[in-house]
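Below: one structure, written as structure tokens.
The values are calculated or read from the model by the stated rules, or taken from the named source; none is laboratory data. Because the structure is predicted, anything quoted here is derived from the model rather than measured. All Cβ positions, even for glycine, are placed from backbone atoms using ideal geometry, and neighbour counts span all protein chains on display.
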Amino acid sequence: MNGPSSSADQPHPDSQDKETDAPKTNGAEDEKSPNPASKPVLEQDSATSGEAIPASHIVIFFVLAAVGGIADLWTKQIIFDWRGLPGQSDIWWIVEDYFGIETAVNIGAVFGLGAGKGLFFAAFSVIAAIGILVWLFKFRAATSLWLTWALGMITGGIVGNLYDRLGLWWQTGYPLEWQSGVRDWILFRIESVPFFDPWPNFNIADSLLVIGACMLMYQSFFPEKEAE
């Protein structure tokens, strides 16, 4: 014979209400909803890397590259037409014994190193130009006005010297070694001072390359002072 069930065996009404009101959690859902604060640093940085490149920066870069290249090629043409090929005219001094104009052809790279390797330097220039474009527009260096100016000047220098490296200025009758040489015309020297007597002749393109490289160096050492 079954006796009446005791109250201890029956669930209390209040406990049923509490169980009904308690929020249900799902382990799978918790795994899919991580705390945003726990995002890895690299993931957070990549999210901010999509900053839009200002249109003005794009214009500045291409204007610098074009004007720099044109200025270099135009001055080379004017000076060589005026002073002739290397050795045909004496130095034309602007500041006597210190700064003047003298035509020269560099068949190497910086300071004449790598003489006869003009095509190699031409190929390297093309690769460098492509790398600059990737850095600016894929990796968004162009969001920085400082880097835009620096890389624009470097690209202008690359364009000016690449024209010469490809032999586009060379004419029949010129020495064959000049075919991949770069025209220089700026002379600077300080007499009796080692390394500056004389400083190797250079051109506008070289100047743009050096200024741009110095800007990159400054930015790498003092990133917090980068001019915007």
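Remarks
- Of all residues in the stretch 175-208, those being of a type in the set (S, T, N, Q) and farther than 14 Å from Thr103 by Cβ number 4.
- Enumeration of residues in the stretch 177-228 that are surrounded by fewer than 12 Cβ atoms within 10 Å (Cβ to Cβ) and among the β-branched types (Val, Ile, Thr): Val193
- Of all the listed residues (Ala142, Ala205, Ala213), the sole one being touching a His at 6+ places or on another chain (Cβ under 6 Å), within 23 Å of Ala65 (Cβ to Cβ), at pLDDT 95 or above and among the small types (Gly, Ala, Ser) is Ala142.
- Selection within the stretch 65-95 - out of contact with any Ser or Thr (no Cβ under 7 Å at 6 or more places or on another chain), of a type in the set (A, V, I, L, M, F, W, C) and either in contact (Cβ under 8 Å) with a residue 60 or more places away in the chain or closer than 18 Å to Thr155 by Cα (or both): Ala66, Val67, Ile70, Ala71, Leu73, Trp74, Ile91
- Evaluated against (1) more than 19 Å from Gly181 (Cβ to Cβ); (2) exposed (fewer than 13 other Cβ atoms within 10 Å of the Cβ); (3) at pLDDT 95 or above; (4) not aliphatic (A, V, I, L, M), Gly84 falls short on exactly one condition, (1).
- Of all residues in the stretch 101-121, those that are modelled with pLDDT under 90 have Cβ atoms under 6 Å from Cβ atoms of residues that are among the charged types (D, E, K, R), 6 or more apart or on another chain, in Ile107/Glu177; Gly118/Arg165; Phe121/Arg165.
- For Ile53, the conditions (1) surrounded by 15 or more Cβ atoms within 10 Å (Cβ to Cβ); (2) closer than 20 Å to Val159 by Cβ; (3) under 22 Å from the mean Cα position of the chain (by Cα) are fulfilled apart from (2).
- Any hit, the stretch 191-204, residues being within 20 Å of Val134 (Cβ to Cβ), touching a Gly at 6+ places or on another chain (Cβ under 7 Å) and among the β-branched types (Val, Ile, Thr): no
- In the set Arg165, Arg140, only one residue is surrounded by 20 or more Cβ atoms within 10 Å (Cβ to Cβ), out of contact with any Asp or Glu (no Cβ under 6 Å at 6 or more places or on another chain) and farther than 19 Å from Cys214 by Cβ; that residue is Arg165.
- Some residue of the stretch 163-183 being within 17 Å of Gly69 (Cβ to Cβ), of a type in the set (Lys, Arg) and not in a helix (DSSP H, G or I): yes
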